[in-house]
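Asker: Please see the structure below; I have some questions.
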Amino acid sequence: MPHVIRIHQNGGPEQMHWEEVTVGEPGPGEVRVRNTAIGLNFIDTYHRSGLYPMPLPMVLGSEGAGVVEAVGPKVKEFKVGDRVAYAQPIGAYAEVLIRPVARLVKIPAGIKDETAAAMMLKGMTAWYLCRRTYRVKKGDTIVVHAAAGGVGQILCQWAKHLGATVIGTVGSDEKVALAKKVGCKHVVVMSREKLSERVKAITKGKGVPVVYDGVGKDTFMESLDCLQPRGIMASFGNASGAVPPVNIGILAQKGSLFLTRPTLVNYTSSREDLLTAARELFAVVKKGAVKIAVNQRYPLREAAQAHRDLEWRKTTGSTVLLP
């Protein structure tokens, strides 16, 4: 019987259990997928800990890639043997699983399964950030937090490809070289430098039009101070914890700023948007403008250790779990 990683209560990695499951036949609008690789994301730790509450018990995981092994009634877009990838709904930490075809895309030739699994959620997050939330253009100077992380590496490369100057932040000196490698012209080590001062120096006091902040609590206020008038604060993650309540009057005081808390589910809610996101992502990866660095691999049954390493900042780039 196939296995999954399931939690029955929220908490630390010790709550993750390797369990046998029965996977039935796909229904209308569904296919059965045998996973070949599963992406690890920080949001998985939020679901596990309860920061983002989800019904329990639950199988963790938001993205993966695999091969279709059974097709439900009236499904015409996919057939047995197709290589497919997905980001959401939850439940990816599985050897075999049922997936709705509405959230599934075909993996094009030239893209490996591991690469697809590692980039669907992170890559499409980078897509909506730089192509929808704020449309990065040639000549922009932007700030990307956690530039050495999974989303950060993709977003920095994509923004550079679009002609932007990227100011990336990292947590330690050891990650400076990696941030530069993925397209950051300037790198700020947050443990010993004040970001807003560096940004003002780089931009000659002007500030930047957008800050992409997946860190949350520890960087939120400093990020606001980097923005030019009417700039956009895109707070898309909480790696350091949830941002405390904010008096929105501060947005006026700091220059009529815009604050958004975007999510991938809202930017890919329609089939058309999902396919656009995947198509544009696959295109920049295939042309080599964005390279997906799969730097860590763990057996699926050792997902708890992968969570520990992710939360302890021991990983860089993307990580995959292998069934």
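Taken together, the values in this text are just the output of simple stated rules run on the coordinates, not laboratory data. Just so it is clear, the model here is predicted, and its values are computed rather than measured. Cβ coordinates were reconstructed from backbone atoms using ideal geometry, including for glycine residues, and neighbour counts include every protein chain displayed.
Asker: About its Cα centre, what dipole magnitude does the stretch 138-261 give when the only charges are +1 on Lys and Arg Cβ and -1 on Asp and Glu Cβ, stated in debye to the nearest 20?
Answerer: 360 debye
Asker: Moving on. Distance check, please: which entries in K74/K291; K74/K112; K137/K217; K79/K286; K204/K287; K291/K314 exceed 26 angstrom between their Cα atoms?
Answerer: K74/K291; K74/K112; K137/K217; K204/K287
Asker: About the Cα centre of the chain, how large is the charge dipole given +1 on each Lys and Arg Cβ and -1 on each Asp and Glu Cβ? Please answer in debye to the nearest 20.
Answerer: Its charge dipole is roughly 1340 debye.
Asker: Which of T141, H3, A70 sits closest to the plus end of the dipole of the stretch 1-158, meaning its Cα is farthest towards the positive end, when Lys and Arg get +1 and Asp and Glu get -1 on the C-beta?
Answerer: T141
Asker: What ranking, highest mean first, results for peptides 114-125, 188-199, 209-220 when packing means the other Cβ atoms within 10 Å averaged over each residue?
Answerer: Order by mean packing, descending: 114-125, 209-220, 188-199.
Asker: Pairs of alpha-carbon atoms within less than 8 angstrom and 6+ residues apart define the contacts here; what relative contact order does the stretch 94-211 have, in percent?
Answerer: 21 percent
Asker: As I understand it, the dipole of the stretch 138-261 uses +1 on the Cβ of Lys and Arg and -1 on the Cβ of Asp and Glu, about the Cα centre. Which of N247, S191, A164 lies farthest toward its positive end?
Answerer: It is A164, whose Cα lies furthest towards the positive end.
Asker: Considering the chain as a Gaussian network with a 10 Å cut-off on Cα pairs, which listed residue, R261, R103, R48, attains the greatest mean-square fluctuation?
Answerer: The residue with the greatest mean-square fluctuation here is R261.
Asker: While we're here: Report relative contact order for the chain in percent, whole number only (criteria: Cα-Cα under 8 Å, sequence separation at least 6).
Answerer: So the answer I get is 17 percent.
Asker: Hey, fewest Cβ within 10 Å first, where do H17, H161, H47 land in order?
Answerer: H17, H161, H47
Asker: Any idea what the dipole of the stretch 199-250 comes to, in debye rounded to 20, about its Cα centre with Lys/Arg Cβ at +1 and Asp/Glu Cβ at -1?
Answerer: The dipole magnitude comes to about 260 debye.
Asker: Right, another one. How high is the relative contact order of the stretch 138-261, in percent, counting Cα pairs under 8 Å that sit 6 or more residues apart?
Answerer: 20 percent
Asker: Which of rounded, prolate or oblate describes the stretch 176-263 when judged by the alpha-carbon gyration tensor and an a/c cut-off of 1.5?
Answerer: Since a/c reaches 1.5 but b/c is at least a/b, the shape of the stretch 176-263 is classed as oblate.
Asker: Using a Gaussian network model on the chain with a 10 Å cutoff between Cα atoms, which of W312, W127, W158 fluctuates the most?
Answerer: W312
Asker: Just going by the charge dipole of the chain, with Lys and Arg at +1 and Asp and Glu at -1 on Cβ, which of I90, I154, M120 is farthest out on the positive end?
Answerer: After comparing all options, I get I154.
Asker: While we're looking at this one, here's another question. Going by average Cβ neighbours within 10 Å, how do the peptides 33-43, 225-235 rank, with the highest at the top?
Answerer: The peptides rank, most packed first, as 33-43, 225-235.
Asker: Of E272, E63, E95, which has the largest mean-square fluctuation in a 10 Å C-alpha GNM of the chain?
Answerer: E272
Asker: List every residue whose amide H lies under 5 Å from the amide H of L259, counting only residues 5 or more places away in sequence or on a different chain, with H placed 1.01 Å from N in the peptide plane.
Answerer: M233
Asker: Per-residue ellipticity at 222 nm for the chain, helices alone: DSSP H runs ≥ 4 residues times -39500 (n - 2.57), over residue total, nearest 500 deg cm²/dmol?
Answerer: The per-residue figure over the chain is -7500 deg cm²/dmol.
Asker: Is the C-alpha gyration tensor of the stretch 114-197 telling us rounded, prolate or oblate? Criteria: a/c under 1.5 is rounded; beyond that, a/b larger than b/c is prolate, otherwise oblate.
Answerer: Oblate, since a/c reaches 1.5 and b/c is not below a/b.
Asker: Give a residue-ordered list of calculated ³J(HN,Hα) values for the stretch 236-250 (Karplus: 6.51 cos²θ - 1.76 cosθ + 1.60, θ = phi - 60°; whole Hz; x for Gly, Pro).
Answerer: Result, rounded to whole Hz: 10, x, 10, 4, 9, x, 5, 5, x, x, 10, 6, 5, x, 5.
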